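To start, the structure itself, in structure tokens.
The values are calculated or read from the model by the stated rules, or taken from the named source; none is laboratory data. As the structure is a prediction and not an experimental result, all values here were calculated from the model. Neighbour counts are summed over all protein chains in view; Cβ atoms, including those assigned to glycine, are modelled from backbone coordinates with ideal geometry. Surface areas here come from the heavy atoms of the whole protein model, side chains and all, with no ligands, DNA or RNA. Shrake-Rupley method; radii C 1.70, N 1.55, O 1.52, S 1.80 Å.
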Amino acid sequence: MSDFSLSMLADVAEGRLSVEKRVRAFLQKCRDNKELNAFITLFEERALEQARAIDRKRQAGQQTGRLAGMVVAVKDNIVIKGAPTTCASKILGRYDSPYNATVVERLLAEDAVILGKTNMDEFAMGSSNENSAFGVVKNPHDPERVPGGSSGGSAVAVAAGLVDAALGSDTGGSIRQPASFTGTYGIKPGYGRVSRYGLVAFGSSLDQIGVFANDPAVSALVLEVISGHDNKDSTSAAVPSFSAKSNGDVSGLKIGVPAEYFQEGLDPVIEKGVRDLIDDMAGAGAEIVDISLPMTDYAVSIYYIIATAEASSNLSRFDGVRYGRRAEEPADLTDMYARTRNEGFGDEVKRRIMLGTYVLSAGYYDAYYNKAMRVRRLLKENFDEAFKKCDVILSPTTPSTAFRFGEKIDDPLSMYLQDIYTVSANLAGISAISIPAGKDADGLPFGIQAQAPPFNEHVLFNCAQFIHNLKSI
Ligand code: GLN
């Protein structure tokens with residue numbers, strides 16, 4: 001676990017703690033845990049320079065930012081000026097970004113120190129981190145097992161205490177599923193809460209940046225800092241900020257429990273852990289309501305149509321002309337495009353581009369893409385109806401705990417079923433969090449997922465705080 005607590009921020013602000021010393025200790029810890037492979041790029045000099053600048057600022061009596069002293073990592077599909085962005089793909093080669101993502105600007109403006117860029121599934125496609133051109137990331141709870149994906153590096157950096165918090169991206173579960181597998185808090189805010197400017201697009205109508213942390217208060221504070229409308233992302237929402245402070249009081253909270261999330265395929269240990277926590281909340285005065293989300297059965301199917309369709313369009317920009325790598329000595333322009341993409345993309349990315357192109361093709365558009373978009377609307381309506389009866393929906397985050405390397409990689413369908421409980425939140429644009437809920441007999445963590453209407457993240461943090469308080473008794 002990270003040794004971070006919010007009181008550390010006061011220690012830094014009041015000069016009892018040097019940021020440089022803290023960063024040095026984290027860098028050492030990263031070196032000691034190199035075999036986890038959580039980072040693609042570690043900013044040794046850059047992070048120390050940043051730390052010294054914050055220390056100097058404080059010594060000069062200037063006001064330091066709200067995150068001064070906090071050490072964070074950023075998933076490698078979010079751009080940082082003057083640093084490589086790889087998306088864990090070969091196709092980007094030595095691409096260095098000429099600008100900062102809005103979330104990075106906001107972290108820096110509040111004096112967070114960025115320690116490095118984390119490993120991930122290539123272009124955020126996957127649920128195990130096995131699709132990285134930079135090697136797998138190991139789960140610190142059992143190095144023979146996957147950390148989940150696609151934000152596996154960010155989840156592991158937090159779980160192993162290599163940073164205080166990390167940013168990830170979530171298109172269909174890529175923050176929540178690895179959070180569940182590593183025993184961390186992982187929030188995907190409502191669509192539009194956080195600017196996507198500078199996030200390499202996968203499925204633009206689904207993608208959101210969110211936060212991993214070991215403590216709900218840290219997670220809420222970082223999310224508050226990176227949130228807010230941005231002129232550079234017209235889908236970012238002009239909604240009031242939320243308060244990062246929650247006391248974990250759930251009395252009077254209406255909790256919806258969807259029958260469809262407790263069906264066949266769910267590990268009974270996870271089911272029991274989740275149901276016990278729901279009972280604990282009822283014991284603390286929450287009201288339990290049975291709800292139904294009948295379109296859940298179609299969620300994975302429509303997600304893999306819509307996400308791949310959007311990906312096939314978004315990834316067309318990696319053509320050997322604009323970014324990174326280009327095939328050598330091509331015969332002609334078409335050969336250059338074809339070879340660049342064939343050599344640069346991994347198998348899963350190619351599979352998704354082909355699927356996406358197929359569902360958008362003239363002959364199949366109505367049968368697949370159009371149909372999926374209609375069912376997406378029905379799914380959204382299921383949530384609208386449910387939220388008339390409850391404030392928050394609780395369920396497992398994943399049907400199983402972390403699986404072993406190689407177990408699912410050759411069977412894409414079983415890998416896609418990992419996302420059964422998480423994709424709906426992205427399709428409906430609502431906010432969702434995975435909260436550490438317990439461990440199975442092998443000591444592998446699992447999470448409980450809370451879902452709330454789009455900009456009700458405060459409700460999620462309140463549930464997280466309740467469970468956090470319960471576990472720390
Ligand atoms: N595992 C899902 C996928 O492979 C989700 C990915 C994500 O959220 N980026 O598409």
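Among the residues making up the stretch 81-96, those that are open to solvent by less than 10 Å² (accessible area, probe 1.4 Å) and either modelled with pLDDT under 95 or under 16 Å from the mean Cα position of the chain (by Cα) (or both) are Cys87, Ala88.
Among the residues of the stretch 166-184, are any small (Gly, Ala, Ser), open to solvent by 10 Å² or more (accessible area, probe 1.4 Å) and more than 14 Å from the ligand (Cβ to nearest atom)? Scanning the stretch 166-184, I find at least one residue that is small (Gly, Ala, Ser), open to solvent by 10 Å² or more (accessible area, probe 1.4 Å) and more than 14 Å from the ligand (Cβ to nearest atom), so the answer is yes. Within the stretch 136-172, the residues that satisfy the criterion of being of a type outside the set (A, V, I, L, M), in a loop (DSSP other than H, G, I, E, B) and either within 9 Å of the chain's Cα centre (by Cα) or more than 15 Å from Lys75 (Cα to Cα) (or both) are Lys138, Pro140, His141, Pro143, Glu144, Gly149, Ser150, Ser151, Gly161, Thr171, Gly172. Taking the criterion of being open to solvent by 20 Å² or more (accessible area, probe 1.4 Å) and among the charged types (D, E, K, R), the residues of the stretch 57-80 that qualify are Lys57, Arg58, Arg66.
In the stretch 111-123 there is no residue matching the filter, namely being among the polar types (S, T, N, Q), within 16 Å of the ligand (Cβ to nearest atom) and open to solvent by 10 Å² or more (accessible area, probe 1.4 Å).
Restricting Tyr337, Tyr298 to those that are open to solvent by 70 Å² or more (accessible area, probe 1.4 Å) and within 30 Å of Pro445 (Cβ to Cβ) reduces the list to Tyr298.
Would you tally the residues in the stretch 214-247 being touching a residue at least 12 places away in the same chain (Cβ under 8 Å), among the polar types (S, T, N, Q) and farther than 25 Å from Ser7 by Cα? Of the residues in that region, 2 qualify. Selection of first residues in the stretch 395-423 that are closer than 24 Å to Pro258 by Cα and at pLDDT below 95 and of second residues that are within 14 Å of the ligand (Cβ to nearest atom) and assigned to a loop (DSSP other than H, G, I, E, B), restricted to Cβ pairs under 6 Å at least 6 apart or on distinct chains, gives the following pairs, ordered by first then second residue: Ser414/Lys408; Met415/Ser127; Met415/Lys408; Gln418/Ser127; Asp419/Gly172; Asp419/Gly173.
In the set (1) β-branched (Val, Ile, Thr); (2) assigned to a loop (DSSP other than H, G, I, E, B); (3) open to solvent by less than 30 Å² (accessible area, probe 1.4 Å), the condition left unmet by Ile270 is number (2). Could we say that Val158 is of a type outside the set (S, T, N, Q) and within 16 Å of the ligand (Cβ to nearest atom) here? So Val158 does not fit the description; no. From the list Ser195, Ser234, the lone residue that is away from the ligand (no atom under 16 Å from the Cβ), within 16 Å of the chain's Cα centre (by Cα) and of a type in the set (S, T, N, Q) is Ser195.
For every residue, the table says whether it meets (1) open to solvent by less than 10 Å² (accessible area, probe 1.4 Å); (2) on the phi > 0 side of the Ramachandran plot; (3) not in a strand (DSSP E or B).
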position: Arg196; (1), (2), (3): no, no, yes
position: Phe202; (1), (2), (3): yes, no, yes
position: Leu206; (1), (2), (3): yes, no, yes
position: Phe212; (1), (2), (3): yes, no, no
position: Val222; (1), (2), (3): yes, no, yes
position: Thr235; (1), (2), (3): no, no, yes
position: Ala238; (1), (2), (3): no, no, yes
position: Ser241; (1), (2), (3): no, no, yes
position: Ala244; (1), (2), (3): no, no, yes
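Residue count for the stretch 246-266 satisfying the condition of being open to solvent by 40 Å² or more (accessible area, probe 1.4 Å) and either more than 23 Å from Pro216 (Cβ to Cβ) or out of contact with any strand residue (DSSP E or B) (no Cβ under 8 Å at 6 or more places or on another chain) (or both): 7. In the stretch 352-372, the qualifying residues are those that are part of a helix (DSSP H, G or I) and exposed (fewer than 15 other Cβ atoms within 10 Å of the Cβ), and the one that is nearest to the ligand (Cβ to nearest atom) is Met354. Of the helices (runs of 4 or more DSSP H) contained entirely in the stretch 1-85, those carrying at least 2 residues that are in contact with a helix residue (DSSP H, G or I) (Cβ under 6 Å, 6 or more places away or on another chain) and not hydrophobic (A, V, I, L, M, F, W, C) fall at 44-59.
Within the stretch 429-439, being open to solvent by 10 Å² or more (accessible area, probe 1.4 Å) and within 15 Å of the ligand (Cβ to nearest atom) holds for one residue alone: Gly429.
Quickly run through the stretch 303-329 and pick out the residues that are farther than 19 Å from Asn77 by Cβ and open to solvent by 50 Å² or more (accessible area, probe 1.4 Å). Of everything in the stretch 303-329, those that are farther than 19 Å from Asn77 by Cβ and open to solvent by 50 Å² or more (accessible area, probe 1.4 Å) turn out to be Val321, Arg326, Glu328, Glu329.
Total residues in the stretch 6-23 satisfying the condition of being touching a Leu at 6+ places or on another chain (Cβ under 9 Å) and either under 21 Å from Leu167 (Cα atoms) or in contact (Cβ under 8 Å) with a residue 60 or more places away in the chain (or both): the figure is 4. Annotation note: of Lys388, Lys380, the sole residue that is open to solvent by 30 Å² or more (accessible area, probe 1.4 Å), part of a helix (DSSP H, G or I) and either without any contact (Cβ under 8 Å) to a residue 12 or more places away in the chain or in contact with a strand residue (DSSP E or B) (Cβ under 7 Å, 6 or more places away or on another chain) (or both) is Lys388.
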